[in-house]
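**Q** Okay, handing you the structure first.
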Amino acid sequence: EGKFKQDSPQLATNTWVYGDKRKRCCTNRVSVLFSIFYVFTLIISPQYLAKKLGFDTLWFGYLQTTVGLIQLIGGPMFGRFGDLFGARAALSLACAATTVSFLLLAVANHPVLLFVHKLPTVFMHVLPACQMVVTDLTEPEKRADALSKLGLCFGIGMIAGSTLGGNISMRYGETFAACVGAAGSAFSLLLVLNFIPKSTKSEASRSTTKSENQNKKVFSLGEITRLMKFPGVTRIFLIKIIAGLPSGIFQVMFSIIAMDFFKLEAQQNGYLMAYFGIVQMVVQGGLIGRLTSRFPEKSLLLLSIGITAGVGLAQAYMQTVFHLCLTVTPWMFSLSVFNVITDSMLTKIVPSSDTGTMLGLCASVQSLVRTIGPTIGGFLYMNYGLASIGLIEFFVNIVVFVYLLYRQLSNTERQKE
């Protein structure tokens, strides 16, 4: 596949970008900030408040769909904003939006207000903003490893946030937990403004961005869709959507499945999420970097999809929390590898001045899954049970796996000829 040649790191003259020590310093700061932020974003689980306000499974699915739709619209624009104004500005905007969302959740005493508190999610793209910084500061061959380290930080945040949030909600209620989340998000905003440099792109990249975008706006649909025309982008995006949708359905429905199928309380759900976080820390912190240094990304993508198919079959027949825990390790591994590899491949194809927009588009794929996933998942779960979600995940990923395997074998045969 054709790849756009990345800007040479030797061209960088910005003091924050030039030099490996500065790069590692800034990348580590972003990782720590990401961990702290997710501690507070997971303080409260909205599904328990929704249940208290009378939401059933279907209406909670509508709420999740609303969030996905809002972020689907905001993702590409947010990425474009990051390319034009810098990763720090984008990260600051995301933290501020999260603070507002928590404050609205704290005063939510009516089902309508649960929908209102989701409006700021149009700007709540902290992961893409952190990925912008990491992408700007890493070489293409080390990008997948660097992006996976953010997943390690997410695991830390998941463990601390879920455990802390479950206990706070049980003892002091959801309103107090939302206030704690708002305070933590505001604290994260202050950390961003004090410890993240204003610009992280190389001098050459920033000059290119400035000259190309002087007369262009953030809300430019043409500039966003332009990236889809680069060789290989459309194909990878389709794979990301088709293979990611079944797993995304299970993810967005997990909170409902935990309450309804496994009968877990808020505190127990918090402990389970902490277990998920530990698994993700091990996978993204210790495995992905080693795998990407030894195997090509196309092979790892094929591996992740094959494992996801097997996990889907196992999820279709699980009956206890123990069964769920057995499937978590391979499931988290496959999801982590799939998301990191596809993001890495896409950011390598486009110019470095457009990596923020590309990461925003990657975020929009996840938002698309969250948009249609809850409605599809709610319908399947209520009418056909948990097994239907697992079986669909199995069959869809098997089809994609066969397609990629056939394509890879065909390319190998052509190279031999």
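**Q** Can you list the HN-Hα couplings for the stretch 247-258, worked out from phi with the Karplus curve (6.51, -1.76, 1.60; θ = phi - 60°), rounded to whole Hz and with x for Gly and Pro?
**A** 5, x, 4, 5, 4, 6, 8, 4, 4, 5, 4, 4
**Q** For the pair LYS416 and THR225, what calculated FRET efficiency results from E = 1/(1 + (r/R0)^6), where r is the Cβ-Cβ distance and R0 = 41 Å, to the nearest 0.05? Mind dumping the intermediate values first?
**A** Numbers: r = 37 Å, r/R0 = 0.90.
Working from the Cβ atoms, E equals 0.65.
**Q** Still on this model: In terms of solvent-accessible area of protein heavy atoms at a 1.4 angstrom probe, what is the ranking of MET358, MET77, highest value first?
**A** Numbers: MET358 0, MET77 45 Å².
Result, largest first: MET77, MET358.
**Q** Shifting gears a bit: For the stretch 322-417, max minus min Cα coordinate along each principal axis, in Å, sorted largest first?
**A** 48, 36, 24
**Q** Going highest first, how would you order 246-255, 170-179, 318-327, 301-310 by mean Cβ packing within 10 Å?
**A** Working: 246-255: 23.1, 170-179: 17.7, 318-327: 14.1, 301-310: 21.5.
Put in order of decreasing packing, that is 246-255, 301-310, 170-179, 318-327.
**Q** Could you please tell me the mean projected area of the C-alpha convex hull for the stretch 220-416, averaged over all directions and given in square nanometres to one decimal?
**A** 12.4
**Q** Another question, if that's okay. log10 I(q)/I(0), Debye, Cα-only the stretch 318-372, no solvent, q = 0.26, 0.29 Å⁻¹?
**A** Each listed q corresponds, in turn, to -0.99, -1.06.
**Q** Normalised by the residues of the stretch 220-416, what does the relative contact order come to in percent, with Cα pairs under 8 Å and at least six apart? Write down the numbers at each step before the final one.
**A** Numbers: 168 pairs, mean separation 76.0, N = 197.
Relative contact order of the stretch 220-416: 39 percent.
**Q** Still on this structure: Going by amide H atoms built from the backbone, whose H comes under 5 Å of the H on SER199, apart from near neighbours?
**A** It is none; the list stays empty.
**Q** Pulled fully out, how much extra length does the chain show between LYS142 and MET382, if you take 0.36 nm times their separation in residues and subtract their Cα-Cα distance?
**A** Gain in length upon complete extension: 82.0 nm.
**Q** Quick one: with all protein chains in place, what share of the accessible area of the stretch 220-416 is carbon or sulfur, to the nearest percent (1.4 Å probe)? Mind showing how you got there, number by number?
**A** On the way: 5550 of 8120 Å².
The nonpolar share, carbon plus sulfur, comes to 68 percent.
**Q** So for each of 404-416, 279-291, 102-114 I average, over its residues, the number of other beta carbons within 10 Å; can you give me the resulting order with the highest mean first?
**A** Descending mean neighbour count gives 279-291, 102-114, 404-416.
**Q** In Å², and per residue, what accessible area does the stretch 220-416 have when probed at 1.4 Å with the other protein chains present? If you can, show how the numbers build up before the last one.
**A** Details: 8120 Å² over 197 residues.
Accessible area per residue, the stretch 220-416: 41 Å².
The values are calculated or read from the model by the stated rules, or taken from the named source; none is laboratory data. Note that this is a predicted model, so its numbers are computed, not measured. Because the Cβ atoms are built from the backbone with ideal geometry, glycine has one as well, and the counts that use them run over all protein chains shown. Ligands, DNA and RNA are stripped out before the accessible areas are found, and what is left, the full protein with its side chains, is counted by its heavy atoms. Shrake-Rupley method; radii C 1.70, N 1.55, O 1.52, S 1.80 Å.
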